[in-house]
Amino acid sequence: QVQLVESGGGLVQAGGSLRLSCAASGRTFSNYYMGWFRQAPGKEREFVAAIRWSGSTTWYADSVKGRFTISRDNSKNTVYLQMNSLKPEDTAVYYCAVGVVTNIRRSREYDYWGEGTQVTVSS
């Protein structure tokens, strides 16, 4: 059974940083993509970043490009999202997801999801 567990969320002032972690277990993910999505109150879930489990290619939403960095540690089966220069509009519940996808920005293509971690950025 695949399990994804996010951690690292919290309350931070604008301009600050947080690092989210997503620990994956239950299978091998060599052909999978790992994605981070977020959902703010009253808004749809949106793509943030993605990385292929094997390889170095990364993808980012325009709104976070240059501020967020996605990375992974295969030895720990963990994906990270380093978030710098945080803004109040980054406030959301952040979810990690995994799947064999054709469109990394499309949330419905991901097969497994974590329960999310809250990120709140105060102004």
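Can you pull out every residue in the range 51-68 that is over 17 Å from residue 121 (Cβ atoms), modelled with pLDDT of 95 or more and either part of a loop (DSSP other than H, G, I, E, B) or touching a Pro at 6+ places or on another chain (Cβ under 7 Å) (or both)?
From the range 51-68, those over 17 Å from residue 121 (Cβ atoms) are 51-60, 62, 65; that's our starting set.
Subsequent filtering for residues that are modelled with pLDDT of 95 or more retains 51, 58-60, 62, 65.
Residues satisfying the conditions are 62, 65.
Check 79, 101, 48 and return the single one that is of a type in the set (Val, Ile, Thr), in contact (Cβ under 8 Å) with a residue 24 or more places away in the chain and part of a loop (DSSP other than H, G, I, E, B). Spell out how you get there, then give the answer.
Values: 79 fails: part of a loop (DSSP other than H, G, I, E, B); 48 fails: part of a loop (DSSP other than H, G, I, E, B).
After applying the criteria, what remains is 101.
Inspect all residues belonging to the range 4-12 and state whether any of them is under 22 Å from residue 115 (Cα atoms), of a type in the set (Ser, Thr, Tyr) and in a loop (DSSP other than H, G, I, E, B). Full working, then the answer.
Narrowing the range 4-12 to residues under 22 Å from residue 115 (Cα atoms): 4-12.
Adding the requirement that they be of a type in the set (Ser, Thr, Tyr) leaves 7.
Next cut, in a loop (DSSP other than H, G, I, E, B) only: none.
No - not one qualifying residue is present in the range 4-12.
Residues that are assigned to a loop (DSSP other than H, G, I, E, B), without any contact (Cβ under 8 Å) to a residue 40 or more places away in the chain, more than 11 Å from the chain's Cα centre (by Cα) and over 15 Å from residue 95 (Cα atoms): does the range 29-40 have at least one? Give the derivation first.
Step one: filter the range 29-40 for residues assigned to a loop (DSSP other than H, G, I, E, B), giving 29-32, 40.
Applying the additional criterion that residues be without any contact (Cβ under 8 Å) to a residue 40 or more places away in the chain yields 30.
Filter once more, keeping what is more than 11 Å from the chain's Cα centre (by Cα): 30.
Checking the rest, the ones that are also over 15 Å from residue 95 (Cα atoms) come to 30.
The answer is yes, given that some residue of the range 29-40 is assigned to a loop (DSSP other than H, G, I, E, B), without any contact (Cβ under 8 Å) to a residue 40 or more places away in the chain, more than 11 Å from the chain's Cα centre (by Cα) and over 15 Å from residue 95 (Cα atoms).
Identify all residues within the range 22-39 that are open to solvent by 40 Å² or more (accessible area, probe 1.4 Å) and among the hydrophobic types (A, V, I, L, M, F, W, C); write none if there are none.
Within the range 22-39, 23 is the sole residue that qualifies.
Between 85, 71, which is polar (S, T, N, Q) and either assigned to a strand (DSSP E or B) or surrounded by 18 or more Cβ atoms within 10 Å (Cβ to Cβ) (or both)? Walk me through how you get there before you give the answer.
Details: 85 fails: either assigned to a strand (DSSP E or B) or surrounded by 18 or more Cβ atoms within 10 Å (Cβ to Cβ) (or both).
One residue alone meets the criteria, 71.
Might you check whether a residue that is open to solvent by less than 30 Å² (accessible area, probe 1.4 Å), of a type in the set (Gly, Ala, Ser) and in contact with an Asp or Glu (Cβ under 6 Å, 6 or more places away or on another chain) occurs anywhere in the range 97-110?
Kept after step one, since they are open to solvent by less than 30 Å² (accessible area, probe 1.4 Å), are these residues of the range 97-110: 97-99, 101, 104, 110.
If we keep only those that are of a type in the set (Gly, Ala, Ser) too, we end up with 97, 99.
The next check asks that each one be in contact with an Asp or Glu (Cβ under 6 Å, 6 or more places away or on another chain); those that pass are 99.
Looking through the range 97-110, at least one residue is open to solvent by less than 30 Å² (accessible area, probe 1.4 Å), of a type in the set (Gly, Ala, Ser) and in contact with an Asp or Glu (Cβ under 6 Å, 6 or more places away or on another chain).
Any residue in the range 108-119 that is among the hydrophobic types (A, V, I, L, M, F, W, C) and either closer than 12 Å to residue 48 by Cα or in a loop (DSSP other than H, G, I, E, B) (or both)?
No, the range 108-119 contains no residue that is among the hydrophobic types (A, V, I, L, M, F, W, C) and either closer than 12 Å to residue 48 by Cα or in a loop (DSSP other than H, G, I, E, B) (or both).
The values are calculated or read from the model by the stated rules, or taken from the named source; none is laboratory data. Note that the structure is a prediction, hence the values are computed from the model and not measured. Methodologically, a virtual Cβ is constructed for each residue, glycine included, from the backbone with ideal geometry; neighbour enumeration extends over all protein chains shown. The protein model used for the area step is the full one, side chains on, heavy atoms only, and it has no ligands, DNA or RNA in it. Shrake-Rupley method; radii C 1.70, N 1.55, O 1.52, S 1.80 Å.
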